[in-house]
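First up is the structure itself, then whatever we jot down about it.
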Amino acid sequence: MAAFTNFILVCGGTACESSKSDKIYKNLMHECESQGVRDKVQVVKTGCFGFCEQGPIVKVLPEESFYVQVTPEDAKEIVSEHLVKGREVTRLLYDKAESKKRAQIDEMDFYQKQVRVVLRNCGVINPEDINEYLGRDGYVALEKALFEMKPDDIIEELKTAGLRGRGGAGFPTWMKWNFTKKVEDDQKYIVCNADEGDPGAYMDRSTLEGDPHSILEAMTIAGYTVGANFGYIYIRAEYPLAINRLKIAMNQAREYGLLGDNILDTGFNFDIEIRLGAGAFVCGEETALLRSIEGERGMPTPRPPFPATKGVFGQPTVINNVETWANIPIILMKGGEWFSKIGTEDSKGTKVFALTGKIRNSGLVEVPMGTTLREIVFDIGGGIPNGKEFKAVQTGGPSGGVITKDYLDTPIDYVHLQELGSIMGSGGMIVMDEDDCMVDVSKFYLGFTVDESCGKCAPCRVGGRTLYNILERITEGEGEMEDLDRIKSIAQATQKASLCGLGQTAPNPIISTITYFEDEYKAHIKDKRCPAGHCKKLITYHILPDKCIGCGLCARRCPTNAISGEIRQLHTIDQELCIKCGECYNVCKFDAVYVR
Amino acid sequence: MAVKSDAEITFSQELLDHMETWREKPGNLIMILHKVQEEFGFIPREAAKKVAKIMNVPLAKIYGVITFYHYFKLNKPGKYNIQVCMGTACYLKGGEDILNELESVLGIGVNQVTTDGQFSIEAVRCVGACGLAPVLIVGEDVFGKLTKDRLPEILAKYQEK
Ligand SMILES: Cc1cc2nc3c(=O)[nH]c(=O)nc-3n(C[C@H](O)[C@H](O)[C@H](O)COP(=O)(O)O)c2cc1C
Ligand code: SF4
Ligand code: FES
């Protein structure tokens, strides 16, 4: 085989795929062929680079040229200029000003503070080729586990590492494994929780799409450790790309004797089956997930018994989150000591966050535990776009809470987030600016949990609905001051009396926003005013006399003809007719329309 | 309602094979229903009955499962099912406005189908393209960083076909 002198890495993550990265890949292949460099250049479709805001992304090695917002039509120029003539395509480089020095990936602010442990292979290897995983020390950990380590050594290593579950609760992984290992039973199971329910987070999806073998390897190691021969990956049906890559990976691993019967000729058998979720958020909760694997309605059951002793089909089961799994191989390879040096006293290792919302560089970031929110939002994320003011970050999705400006320097780890009334959660990190109304945001989250409640227990079913109705009243200007106390007492009851984590945590977003933004609630209730200018029933649109030049654009666009005025004269809005669609605000080129 | 016999619905060989592969596996029902929906775009009543018969499970159990999980559809979606993301990132960036506008342009609500059977609307959770929020999906095509005024142009793409 010819030796390649250049590699073109094309992001094949979901966000980039949606922007036609597949077509870019095909065009690049085609251009390499027709421009006669096919045998010198290898084109690889990788997993997510993380820098989704600027996608689709194409990287050329060895120069490390980082091309952003590439279109299929750019393929020709990338090949003719860069690969044939050896000249970078400056207009596509991330930092055009920096192009002389070349926008090297580790020099970019976005990547500088990141440490890639979980995402070590994402955006680096072709996830559909096991050889590339093997080339990056893939399955070395499994080999080490099977040939050099006893199950207890592995558990000891995880204990030294201090790895805690990344699915939300942060339970020490070694303890879970140890519980299951200690139970005497012929049939045990390993489960990977890939149900990723937080609406606005996609860390697990990217890991599965970019590095599926790491999950298979980790689950096999767990099988050997606790004495299980079978595993399930429970994954959202809405993730077709990840499912497909997992299937390819499983077939390749079986071919290579790394999965299935008699793994690496050791006599150890372990196989994995994929089970699809079907759009129920509660199925991310472990006991509900187990019911769903059993083909039932996904209703949670009381714990104890914990899955570790009584899991799928009543058998002892280790269940871990995708990101937890992705940490296992590298821990065994580099040692628990090494891992425990990353992060803080209480939280070891790194955490992957999906940084989204009102942020300049939206994307996937992986940082050591203990990194401050300020570093994530401002250094990595590039701050808030459009000159707006930072307001808060929501972590933990519908089970979490907000962190405000005053706490930007808090190190992000399990304890500190909890102290602030939020949680680590699975890694959703939603940035909000001055235009976002905190009452509305908590209504959004609560609406989500109310929809997703399985209805099994009354505190969650009734409490959630009642809280939602109160919030709705407040955002519509019908709230009363007593509502605040009402909210607090219903929230407490719901937290205490619900059966599963969904109900227990559903009130968190409200409690947290009331704690930090009580004034905003009061403004809605007392002054019938939405300070962020978001809640439709509480705002009115007006035209500024000194800015309006009378162009008439707003009047033409208003769907209810609520705006009148002669051309080149001041226009006015008839509040009776206005439906507050905001069209005038959006179209005015002179910033003459304002919200009150 | 007219009484239809079970024989009226035919399953492809692929679907029948799929059912055979899964027959002996515990907890197979959801995996089978996924395949049924893949074939028909939703789960027709006759198909549910046929699954009940072939797999020997009570129809009530099948309906219990279908109704629990949002992913399974009981009604036929439009030729083009438009999925509007209502995940947090999309919501903050105006996903709701997009949804409202789409509803008024098409004259239907969420989970409804236009009278010509061309379009249906579905509100979905995060589709994993938050960097492109707000996002809308038609079949395999993803439209990101959307604004309301792009909707007519997007719909027109599919109307003609
Ligand atoms: C309502 C609810 C939803 C959850 N969703 C998820 C999820 O989507 N993914 C996940 O890994 N864990 C989720 N969990 C946490 C799981 O119950 C469980 O703690 C986790 O899978 C354990 O793995 P870990 O120890 O590796 O974190 C959820 C919990 C609750 C209460
Ligand atoms: S707390 Fe809510 S989701 Fe959990 S079991 Fe009770 S009703 Fe179901
Ligand atoms: S919230 Fe819409 S794609 Fe993630």
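The values are calculated or read from the model by the stated rules, or taken from the named source; none is laboratory data. The structure displayed is predicted, hence computed values, not measured ones. Neighbour counts run over all protein chains shown; Cβ positions are idealised from the backbone, glycine included. Please note that ligands, DNA and RNA were not included when accessible areas were found on the heavy atoms of the full protein model with its side chains. Shrake-Rupley method; radii C 1.70, N 1.55, O 1.52, S 1.80 Å.
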Legend entry - Residues of the stretch A:412-454 with amide N under 19 Å of the 7 Å Cα→Cβ point at A:Met175: A:413-419, A:423-426
Legend entry - Computed accessible area, A:Ile221, all protein chains, 1.4 angstrom probe, square angstrom: 0 Å²
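Given the C-alpha atoms of the stretch A:6-107, compute the convex hull and give its volume per residue in Å³.
On the way: hull volume 8.4 nm³, N = 102.
For the stretch A:6-107, the hull spanned by Cα atoms encloses 82 Å³ per residue.
Using a 10 Å Cβ count of at most 14 others and DSSP loop calls, identify the longest part of chain A lacking such GluC sites (Glu not before Pro).
Numbers: sites that count: A:Glu63, A:Glu64, A:Glu184, A:Glu345, A:Glu389, A:Glu434, A:Glu476, A:Glu478, A:Glu480, A:Glu566, A:Glu576.
After excluding every exposed loop site, the longest remaining stretch is A:185-344.
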Legend entry - Table column - 3J(HN,Hα) (Hz), the stretch A:324-339, Karplus curve with 6.51, -1.76, 1.60, x for Gly and Pro: 4, 4, 5, 7, 4, x, 6, 5, 5, 6, 9, x, x, 3, 3, 5
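Suppose R0 equals 25 Å; then what is the FRET efficiency for A:Ser80 and B:Arg150 from their Cβ-Cβ distance, rounded to the nearest 0.05? Working shown, then result.
Values: r = 33 Å, r/R0 = 1.31.
The formula returns an efficiency of 0.15 here.
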Legend entry - Inter-label distance for B:Thr114 and A:Thr90, nm, one decimal - labels placed 7 Å from Cα along Cα-to-Cβ: 4.7 nm
Legend entry - Rg and Dmax [Cα atoms of the stretch A:213-264; Å; Rg one decimal, Dmax integer]: 11.5, 34
Legend entry - Carbon plus sulfur fraction of accessible area for chain A, probe 1.4 Å, in percent: 48 percent
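With a 1.4 Å probe and all protein chains left in place, how much accessible area per residue does the stretch B:24-70 have, in Å²? Write down the numbers at each step before the final one.
On the way: 2030 Å² over 47 residues.
Value for the stretch B:24-70: 43 Å² per residue.
Before I look further, what does the stretch A:438-526 give for accessible area per residue, probe 1.4 Å, in whole square angstrom?
Heavy-atom accessible area per residue stands at 40 Å².
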Inset, instruction - If a/c stays under 1.5 just call it rounded; otherwise compare a/b with b/c (prolate if a/b is bigger, oblate if not). Do that for the stretch A:130-340, with a ≥ b ≥ c from the square roots of the Cα gyration tensor eigenvalues. - result: rounded
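Quick one: accessible area per residue over the stretch A:130-340, 1.4 Å probe, rounded to a whole number of Å²?
Spelled out: the 1.4 Å probe surface of the stretch A:130-340, per residue, equals 32 Å².
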Inset, instruction - Compute the distance in nm between two label points, each set 7 Å from the Cα along the Cα-to-Cβ direction, one at A:Lys496 and one at A:Glu518. - result: 2.1 nm
Inset, instruction - List the residues of the stretch B:108-143 that lose 40 Å² or more of accessible area once all protein chains are present, compared with their chain alone (1.4 Å probe, heavy atoms only, no ligands or nucleic acids). - result: B:Arg125, B:Cys126, B:Gly128, B:Cys130, B:Gly131, B:Leu132, B:Val142
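For chains A and B, what's the summed buried accessible area, probe 1.4 Å, to the nearest 100 square angstrom? Don't jump to the answer; show the numbers that get you there.
Values: alone 24930 and 9740 Å², together 31040 Å².
Answer for the A-B pair: about 3600 Å² buried.
Taking 45 Å as R0, compute the FRET efficiency from the Cβ-Cβ separation of A:Glu63 and A:Asn251 and round it to 0.05. Intermediate values should be presented prior to the final figure.
On the way: r = 34 Å, r/R0 = 0.77.
Calculated value: 0.85.
Scan the stretch A:520-586 for trypsin sites (Lys or Arg not before Pro) in coil per DSSP, keeping those whose Cβ has at most 10 other Cβ atoms within 10 Å, and list them by number.
Here the trypsin sites (Lys or Arg not before Pro) that fit, given the DSSP loop and packing criteria, are A:Arg568.
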Legend entry - Cross-link partners of A:Lys589 among lysines (Cα-Cα below 24 Å; sequence separation of 8 or more within a chain): A:Lys358, A:Lys388, A:Lys536, A:Lys547, A:Lys580, B:Lys93, B:Lys145, B:Lys148
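Find the Rg to Rh ratio for the stretch B:10-117, where Rh is the Kirkwood radius over alpha-carbon pairs and Rg uses the same atoms. Write down the numbers at each step before the final one.
Details: Rg = 17.0 Å, Rh = 15.8 Å.
That ratio equals 1.07.
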Inset, instruction - For every helix of n ≥ 4 consecutive DSSP H residues, a contribution of -39,500 (n - 2.57) applies; sum these over the protein assembly as shown, divide by its total residues, and give [θ] at 222 nm rounded to the nearest 500 deg cm²/dmol. - result: -11000 deg cm²/dmol
Inset, instruction - Could you check the simple spin-label distance between A:Glu345 and B:Glu140, using points 7 Å along Cα→Cβ, in nm with one decimal? - result: 5.5 nm
Legend entry - Cα-based convex hull, the stretch A:350-433, per residue volume (Å³, whole number): 73 Å³
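Length gain on complete extension for the stretch A:Ile579 to A:Asp406, per 0.36 nm per residue less the alpha carbon to alpha carbon distance? Spell out each step's value before the answer.
Numbers: separation 173, 0.36 × 173 = 62.28 nm, distance 3.67 nm.
Full extension from A:Ile579 to A:Asp406 adds 58.6 nm.
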Legend entry - D_trans [Stokes-Einstein, Kirkwood Rh over alpha-carbon pairs] for the protein assembly as shown, 10 °C, 1.306 mPa s, µm² s⁻¹: 57 µm²/s
Legend entry - Within straight-line cross-link reach of A:Lys85, aspartates and glutamates at Cα separation under 18 Å, skipping those fewer than 8 residues along the same chain: A:Glu31, A:Glu33, A:Asp39, A:Glu63, A:Glu64, A:Asp74, A:Glu77
Inset, instruction - List the pair-distance distribution P(r) of the stretch A:295-438, using every Cα-Cα distance, as the percent of pairs falling in each 10 Å bin from 0 up to the bin containing the longest distance, rounded to whole percents. - result: 10, 34, 29, 19, 7, 0
Legend entry - Hypothetical label at A:Lys528: residues of the stretch A:572-592 whose amide nitrogen lies under 19 Å (7 Å Cα-Cβ projection): A:574-581
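If I stretch the segment between A:Val415 and A:Lys23 completely, what's the gain in nm (0.36 nm per residue apart, minus their alpha carbon distance), one decimal? Mind showing how you got there, number by number?
Numbers: separation 392, 0.36 × 392 = 141.12 nm, distance 4.52 nm.
Answer, rounded to one decimal: 136.6 nm.
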